[in-house]
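> I have a structure here, written as structure tokens, and I will follow up with some questions on it.
The values are calculated or read from the model by the stated rules, or taken from the named source; none is laboratory data. On a predicted model such as this, the values are computed, not experimentally measured, just so you know. As a convention, Cβ positions derive from the backbone with ideal geometry for all residues, glycine included, and neighbour counts pool all protein chains shown.
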Amino acid sequence: MCRKLIITNEIFLGSRPICFEAYSLPKGEVVELTEKQIKDALKGITSDEVYGMKITEAGELELDTENFFVTNMMKKVHTNTLIPMVEDDCLANLFYIVIGTHKDKGTTMYDVISSRYERTSFTEEKVKTLLDMHIISAGAKMQGDNVIVAPLEKLEQSRPQQPADTKIEKTTVTENLTK
């Protein structure tokens, strides 16, 4: 089964990075992933889809600013202590990540998860305010007056596929020469 893993926090032991925490959709589980597991998923070796990180040309992990609009991420350095990875960007101790939208009584609501794994929905005005305050760290960005939400779907590589009902005709070399 394909899980959609949204990277939310990086866990440190002192100053040494240990692993990453990810929110797993659709179940809502919190899973821990090593750097190698994330790289394998990004390379397509596993069936999981990872959002929030990308692999550089040098083979290192970095925040995915282009496709998932990640501007910052929380670091867990002590028990129950979260600090922003980019400290001068924001003084918050909680970030939100937009994971989708839905309609509620004709109003567009934005589904979010927090870096402490609260799952809730915000109105467009609240999302705009939180984006302006740099408290929404991923999954959405402002483009003019509009909120653009990052898609949670990986683009399929185009492969030539044969329709299921097509029959393959097997012939020998001599039969091909006579045709």
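> May I ask you to list the residues in region 11-46 that are touching a helix residue (DSSP H, G or I) at 6+ places or on another chain (Cβ under 7 Å), surrounded by 18 or more Cβ atoms within 10 Å (Cβ to Cβ) and not in a strand (DSSP E or B)?
Result: no residue meets the conditions.
> Could you pull out the residue among 83, 97 that is at pLDDT 95 or above, under 29 Å from residue 40 (Cβ atoms), of a type outside the set (Gly, Ala, Ser) and not in a loop (DSSP other than H, G, I, E, B)?
Exactly one residue qualifies, and that residue is 97.
> So, in region 71-128, how many residues would count as being in contact with a Ser or Thr (Cβ under 7 Å, 6 or more places away or on another chain) and among the aromatic types (Phe, Trp, Tyr)?
Of the residues in region 71-128, 3 are in contact with a Ser or Thr (Cβ under 7 Å, 6 or more places away or on another chain) and among the aromatic types (Phe, Trp, Tyr).
This table checks each residue for (1) at pLDDT 95 or above; (2) surrounded by fewer than 20 Cβ atoms within 10 Å (Cβ to Cβ); (3) under 15 Å from residue 152 (Cβ atoms); (4) aromatic (Phe, Trp, Tyr).
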{"site": "48", "(1), (2), (3), (4)": "no, no, yes, no"}
{"site": "53", "(1), (2), (3), (4)": "yes, no, yes, no"}
{"site": "78", "(1), (2), (3), (4)": "no, yes, no, no"}
{"site": "90", "(1), (2), (3), (4)": "no, yes, no, no"}
{"site": "93", "(1), (2), (3), (4)": "no, yes, no, no"}
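> Residue check: is residue 8 part of a loop (DSSP other than H, G, I, E, B), under 28 Å from residue 127 (Cα atoms) and either at pLDDT below 90 or of a type in the set (S, T, N, Q) (or both)?
Spelling it out, it is not the case that residue 8 is part of a loop (DSSP other than H, G, I, E, B), under 28 Å from residue 127 (Cα atoms) and either at pLDDT below 90 or of a type in the set (S, T, N, Q) (or both).
> If only one of 25, 5 is in contact (Cβ under 8 Å) with a residue 12 or more places away in the chain, under 21 Å from residue 140 (Cβ atoms) and touching a Ser or Thr at 6+ places or on another chain (Cβ under 8 Å), which one is it?
5
> Sticking with this one: Only residues that are assigned to a strand (DSSP E or B) and under 16 Å from residue 68 (Cβ atoms): list them for region 103-143, please.
Listed by number, the residues that qualify are 110, 111, 112, 113, 136, 137, 138, 140, 141, 142, 143.
> Would you please list the contacts, defined by Cβ atoms under 8 Å and residues six or more apart or on different chains, that run from a residue in region 117-134 that is at positive phi to a residue that is in a strand (DSSP E or B) and not aliphatic (A, V, I, L, M)?
Note: pairs meeting the criteria are 117/8; 117/23.
> Further, regarding this structure: If you check every pair at least six apart or on different chains, which have Cβ atoms under 6 Å apart with a residue in region 40-65 that is under 19 Å from residue 98 (Cα atoms) first and a residue that is part of a helix (DSSP H, G or I) and not small (Gly, Ala, Ser) second?
Every condition considered, the pairs that remain are 50/38; 50/42; 53/38.
> Taking region 81-116, which residues are in contact with a helix residue (DSSP H, G or I) (Cβ under 9 Å, 6 or more places away or on another chain), under 22 Å from residue 25 (Cβ atoms) and free of Cβ contacts under 8 Å to residues at least 24 places away in the same chain?
Passing the criteria: 108, 109.
> Take the residues in region 95-119 that are touching a Gly at 6+ places or on another chain (Cβ under 8 Å) and among the β-branched types (Val, Ile, Thr); name whichever of them is nearest to residue 152 (Cα to Cα).
Only one residue tops the list, namely 99.
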